[in-house]
Amino acid sequence: MTDSAAGQSSENLLEIRQLKKFFPIRAGIFQTTVGHVKAVDGVSFFVKKGETLGIVGESGCGKSTIGRTVIRLYKPSSGKIIFKNQDITRMRESDLRTHIRKDIQMIFQDPYASMNPRKTLKSILKEPLATHGLLDDHSDDRIAELLNRVGLSPSYMNRYPHEFSGGQRQRIGIARALALNPELIIADEAVSALDVSIQAQIINLLEDLQAEFDLTYIFISHDLSVVRHISDRVAVMYLGNMMEIAPKSTIYEEPLHPYTKALLSAVPVPRKKGMAKRERIVLKGEIPSPANPPTGCVFHTRCPFAMDICKQTTPIFQELKPDHFVACHLYNTGS
């Protein structure tokens, strides 16, 4: 996708342009770099203010790496991250903390692992306020307000993380993300470790908070049903590459990329009487290693429609219909 295709607009809160994140592979007693894991390999997309972009794909496709790179927990290998029309790709840590960190927050898959088990809930929620110099005489009131808003009692303030259930800990993670009044929240598999009934409660909470505080979400998940419920648009990733991006109704009802079709065919759906059985698309072979991805289209080794051009030339990520981007030679064989 070119810069123009990435959707340059004043409405875009975030723009990602040809983002790459490679991790070095080291070997030997001198830890010499012998290769790279191409976790994210030239991805472009945009996120409009107030929307939820869902990112889906199999484990290891690079979706979590995108989230951590956008928030600058990882330093990008190349490409650009434009947040509120400001390039933060090479911004120094001191400038990030001053200008950006408050506005982008993250909800992690395992909130217990991201909390200090020796700190009380009050100390955990005060930490981001202290980091940004926002502690004052009203901080306890602010924490009580946050706890109420995520469905927890302020009387829990002096408890420790191990005293809470998984769903309660995720609510604490959400409260911590909200503490600094961010504009963008990246939810990285935020409900995947929870029971289905608790997942629904957390998803409903996230939707309520989005409406109340005008939040923008990047919602990363491997669960297509959850993504369909919460997202406005859906991005499909495979082996560090973006395969397709479209509004959720388009992705789920009119997918174009063979990989997207295969993913959706694996989602169980109730079948009504007289309805034709949906065809199950079974992909053959194993996912290639991101340390040695295939040439051309990275999906060609498993694609049932692969052509010679797929093995040689990387397909252009282009807009085939309004707001519907696809990287597939089936639709741009003239490239």
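The values are calculated or read from the model by the stated rules, or taken from the named source; none is laboratory data. From a predicted model like this one, the values you see are computed outputs, not experimental measurements. Here the Cβ positions follow ideal geometry from the backbone for every residue, glycine too, while neighbour counts run over all protein chains shown.
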Within region 142-188, restricting to residues that are charged (D, E, K, R) and more than 29 Å from residue 54 (Cα to Cα), the one that is surrounded by the fewest Cβ atoms within 10 Å (Cβ to Cβ) is 163
Just for region 288-335: of the residues that are among the small types (Gly, Ala, Ser) and assigned to a loop (DSSP other than H, G, I, E, B), which one is surrounded by the fewest Cβ atoms within 10 Å (Cβ to Cβ)? 334
Checking the conditions here, which among 249, 221, 265 is under 24 Å from residue 323 (Cβ atoms), free of Cβ contacts under 8 Å to residues at least 40 places away in the same chain and touching an Asp or Glu at 6+ places or on another chain (Cβ under 7 Å)? 265
Counting only residues in region 63-107 that are part of a strand (DSSP E or B) and among the hydrophobic types (A, V, I, L, M, F, W, C), the one nearest to residue 223 (Cα to Cα) is identified as 107
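For (1) farther than 15 Å from residue 219 by Cβ; (2) at pLDDT 95 or above; (3) buried (at least 24 other Cβ atoms within 10 Å of the Cβ), each residue gets a yes or a no:
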| site | (1), (2), (3) |
| --- | --- |
| 16 | yes, yes, yes |
| 35 | yes, no, no |
| 40 | yes, yes, yes |
| 43 | yes, yes, yes |
| 48 | no, yes, no |
| 55 | no, yes, yes |
| 58 | yes, no, no |
Restricting to region 175-230, count the residues that are of a type outside the set (A, V, I, L, M), in a helix (DSSP H, G or I) and within 23 Å of residue 134 (Cβ to Cβ). 4
Residues of region 196-233 satisfying the condition of being of a type in the set (S, T, N, Q), more than 19 Å from residue 168 (Cβ to Cβ) and touching a helix residue (DSSP H, G or I) at 6+ places or on another chain (Cβ under 7 Å): 221, 231
Can you find a residue in region 241-249 that is in contact with a strand residue (DSSP E or B) (Cβ under 8 Å, 6 or more places away or on another chain), among the charged types (D, E, K, R) and part of a helix (DSSP H, G or I)? yes
With the structure loaded, tell me whether residue 139 is surrounded by 16 or more Cβ atoms within 10 Å (Cβ to Cβ) and modelled with pLDDT under 90 or whether it fails that test. yes
If we keep just the residues of region 77-86 that are polar (S, T, N, Q) and more than 18 Å from residue 185 (Cα to Cα), which is surrounded by the most Cβ atoms within 10 Å (Cβ to Cβ)? 77
Residue check for residue 235: at pLDDT below 95, out of contact with any His (no Cβ under 8 Å at 6 or more places or on another chain) and more than 24 Å from residue 112 (Cα to Cα): no
Can you work out which of the residues in region 108-126 that are without any contact (Cβ under 8 Å) to a residue 24 or more places away in the chain and part of a helix (DSSP H, G or I) is nearest to residue 178 (Cα to Cα)? 126
Restricting to region 160-189, name every residue that is among the hydrophobic types (A, V, I, L, M, F, W, C) and either over 28 Å from residue 99 (Cβ atoms) or modelled with pLDDT under 90 (or both). 164
In region 167-199, residues that are closer than 16 Å to residue 109 by Cα and without any contact (Cβ under 8 Å) to a residue 40 or more places away in the chain total 9
Among (1) in contact with a helix residue (DSSP H, G or I) (Cβ under 9 Å, 6 or more places away or on another chain); (2) hydroxyl-bearing (Ser, Thr, Tyr); (3) closer than 29 Å to residue 24 by Cα; (4) buried (at least 17 other Cβ atoms within 10 Å of the Cβ), the one test that residue 89 misses: (1)
